[in-house]
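Have a look at the structure below, then the notes.
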Amino acid sequence: MRTFLLFMVLTTFETAIYARNNSRILESVTASERAMTLATIINRTGRECDEVIQTFLQGYDKEEAAYWNVSCSNGKSYNVQVQSDPNTNSRVLECEIMKTMGVECFKKFNDR
């Protein structure tokens, strides 16, 4: 029941809760619950992530958006940005694209 409730909250209302609250929820659940939730967010964007191998909280930006890195079994890695603005959608970018912008996935942000 807890897994289902978490899934519904984060996927249905993923933009209706502030980023830090979403991340605190993701931090507090089991690794499998976190993986399922982040995979769902990624898959909703049309990208593929059948099985999550690793998740990593990279940090927060100045606007309090949270950045979660996800490594998938298909060899792809993604950065999931959970926005602090409740009217803005979460964003998903491939880690390869992040690297071209000078940000490496699976490394903590410096003070931002």
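For the subset of the range 42-59 comprising residues that are under 11 Å from Y78 (Cα atoms) and either touching a residue at least 60 places away in the same chain (Cβ under 8 Å) or under 11 Å from the mean Cα position of the chain (by Cα) (or both), which member is surrounded by the most Cβ atoms within 10 Å (Cβ to Cβ)? Top of the filtered list is I42. When the criteria are applied in full, N89 meets the requirement of being within 14 Å of the chain's Cα centre (by Cα), exposed (fewer than 15 other Cβ atoms within 10 Å of the Cβ) and not hydrophobic (A, V, I, L, M, F, W, C). Here A66 passes the criteria (1) modelled with pLDDT under 90; (2) farther than 19 Å from K108 by Cα; (3) small (G, A, S) except the one numbered (2). Among the residues making up the range 54-82, those that are farther than 16 Å from E27 by Cα and part of a loop (DSSP other than H, G, I, E, B) are D61, K62, E63, S73, N74, G75, K76.
The values are calculated or read from the model by the stated rules, or taken from the named source; none is laboratory data. Nothing here was measured: the structure is a model prediction, and the numbers come from that model. Note that each Cβ is placed from the backbone with ideal geometry, even for glycine, and that neighbours are counted across all protein chains shown.
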